[in-house]
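See below for the structure under consideration.
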Amino acid sequence: MSPRRRRGPDQNRRKGGSNGGKRRSNQSWTQNYYDPKSAGSFGGIQRLRRKVQLDGKSTNGLEDWLQGEDTYTLHKPVRYRFPRRRVIVGGIDDQWEGDLVDVSSLAKFNRGYKYLLTVIDVLSKYAWVVPLKDKTGTTLVKAFTKILKQGRQPSLLHTDKGREFINSRFQSFLKDKGIGFFTTENDDIKASIVERFNRTLKSRMWRYFTKHRGGKEQSRYLPVLQDLVGAYNASYHRSIKTAPIKVNARNSHDIWHTLYDRDAAAASTLRKAPKFKTGARVRISKTRRTFKKGYLPNWSEELFTVVRRQPGVLPHVYTIQDDAGDLIKGTFYEQELQRVKDTTTVFLIDQILRRKGDRMFVSWLGYPASFNSWIRKSDLVNVYKR
C-alpha cells in the first residue's frame, strides 16, 4: 500500500506535481520563505510574517500555507515540557511505581552492589529500596519478594520499558502474585513519581557523602541506605500533608482528597477546545529520540490521521493511525502532534529495492517497510528537475 498524498518540501517538488495557480500572496510567501537572501527565509512563522508585512503583502492564511510546507513542518520546534495527565489512583497500594537506579560507579565501595530497586506507592508516597548486584530477572524477583514480605502488595505496578522489568521471569512472578503491570510508552517520560523519589534519595545520599568526604564513608551508602529510606518515609510530604509512614487504610480516604481535590480547580485552566478533530492529518514529534539536535527534523516524515480524542480527559490526548489503518500504540498530547495540510499526490522514494520490467519495488522516505510497494516507472516524476 502506498502512502497517502503528501505535500512537497520545497519549490522543486512543487514543479513535480503540486497545485498551480497560486495567489499573489502565496507567491510572496513562497519567494520570502525559500529565498536564502530573504530575512523571512527558512525560519518560523513570526519571522516570515514580519517580512511579508514589511513588503506590504497580506498575511491572511499564512499559517495555513506553512502547514503544507515540509520545510516548515518537519523542522518546527518541539515543546518538551508541558502539562501532562496526573497519575490518579483509587487508594493505598492501588498502584506502585518502580525503577532501577544505576549506582555502578560506587560499586567498589559498597560490596559490589550496582543498582538500587526503588519502589513507591502512588497514594501514600511510601517507598522501598533494595540494592542489587545485577539486574537479571531472578535478582529482581528476589528483591521484589523482599518488599512484599513487609506486608503490602500493589494491584498494579508501573515502570518504564527497561528490559529488567519486561523479561519473562519477572513478568511470570507478577502474574503468579496477581499484580497487574504496565509501562510508560514514551521513552522520554519515566514513571514520574518514583523518578521524583529517586532524586530525593540521591540528594540525601550525596549530602551524606559530602559530610564524610575525605573519610572511609565518603562513597559508602550501603550501611545507611535503609536509614535514609526510613527517614524519608517518616518525613512530612507536602503533597499529602503528612508523612508516608502515617498513611494507612483508615485514613487513606482523607489522604486521597488532600491529594486530588485541588485537581478539580486546576482542571479549569485546561478546559479549552480540542486542537485536533477526527480525521486531521498530523506529524508526530520525535521526542522519543535519545539525542536531540535542533537543526535536524523534529517531526516524522510519515503522516498520520487522528481517529479519536479520549473523552473526559484533561489535558486532551488523542489516538492516531497510520495510512494502513493500524493504530499507533499509546496516546498523544496536543504538543506531540502537528497539523499539516496534505494536498498533493507527490511523495518521495527512499530506495529502489528491486526492478522487474517496467516496475520497481520501492521504499518511501519516512515510512516503515510495511509500506514498501511496487510502482510503474511511468508513474515517476523528477521533482528536483530544474
Scope region 167-220; condition modelled with pLDDT of 95 or more and in a loop (DSSP other than H, G, I, E, B); matching residues: GLY178, ILE179
Scan region 50-61 and give yes if some residue there is closer than 22 Å to VAL282 by Cα, of a type outside the set (A, V, I, L, M, F, W, C), modelled with pLDDT of 80 or more and not in a loop (DSSP other than H, G, I, E, B), otherwise no. no
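For every residue, the table says whether it meets (1) touching a helix residue (DSSP H, G or I) at 6+ places or on another chain (Cβ under 7 Å); (2) surrounded by 16 or more Cβ atoms within 10 Å (Cβ to Cβ); (3) at pLDDT 85 or above.
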| site | (1), (2), (3) |
| --- | --- |
| VAL307 | no, no, yes |
| LEU314 | yes, yes, no |
| TYR333 | no, yes, no |
| VAL346 | yes, yes, no |
| GLY357 | no, no, yes |
| MET360 | yes, yes, yes |
| GLY366 | no, yes, no |
| SER370 | no, no, no |
Could you give every pair whose Cβ atoms fall below 8 Å, whose first residue belongs to region 303-331 and is assigned by TED's automatic domain parsing to the domain that holds LEU365 and part of a strand (DSSP E or B), and whose second residue is at pLDDT below 85 and of a type in the set (Val, Ile, Thr), counting only separations of at least 6 or pairs across chains? PHE304/ILE328; ARG309/VAL317; VAL317/THR331; TYR318/THR331; THR319/ILE328; THR319/THR331; ILE320/ILE328; GLN321/ILE328
If the Cβ limit is 6 Å and pairs must be 6+ apart or interchain, which residue in region 94-105 that is crowded, with 20+ Cβ neighbours inside 10 Å pairs with which residue that is part of a strand (DSSP E or B) and charged (D, E, K, R)? TRP96/ASP121
Looking only at region 116-136, how many residues end up being under 16 Å from ARG169 (Cβ atoms), under 26 Å from the mean Cα position of the chain (by Cα) and not hydrophobic (A, V, I, L, M, F, W, C)? 1
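Out of the residues in region 231-250 that are closer than 16 Å to ARG152 by Cα, surrounded by 13 or more Cβ atoms within 10 Å (Cβ to Cβ) and not β-branched (Val, Ile, Thr), which is farthest from the chain's Cα centre (by Cα)? Don't jump to the end; show me each part of the working.
Step one: filter region 231-250 for residues closer than 16 Å to ARG152 by Cα, giving 233, 244-250.
In the following step, the residues that additionally are surrounded by 13 or more Cβ atoms within 10 Å (Cβ to Cβ) were identified as 233, 244-247.
Narrowing further to those that are not β-branched (Val, Ile, Thr): 233, 244, 246.
Working: ASN233: 30, PRO244: 29, LYS246: 34 Å.
Residue satisfying both the conditions and the ranking: LYS246.
The values are calculated or read from the model by the stated rules, or taken from the named source; none is laboratory data. As the structure is a computational prediction, the values presented were derived from the model and not from experiment. No Cβ is skipped: glycine too gets one built from the backbone with ideal geometry, and neighbour counts run over all protein chains shown.
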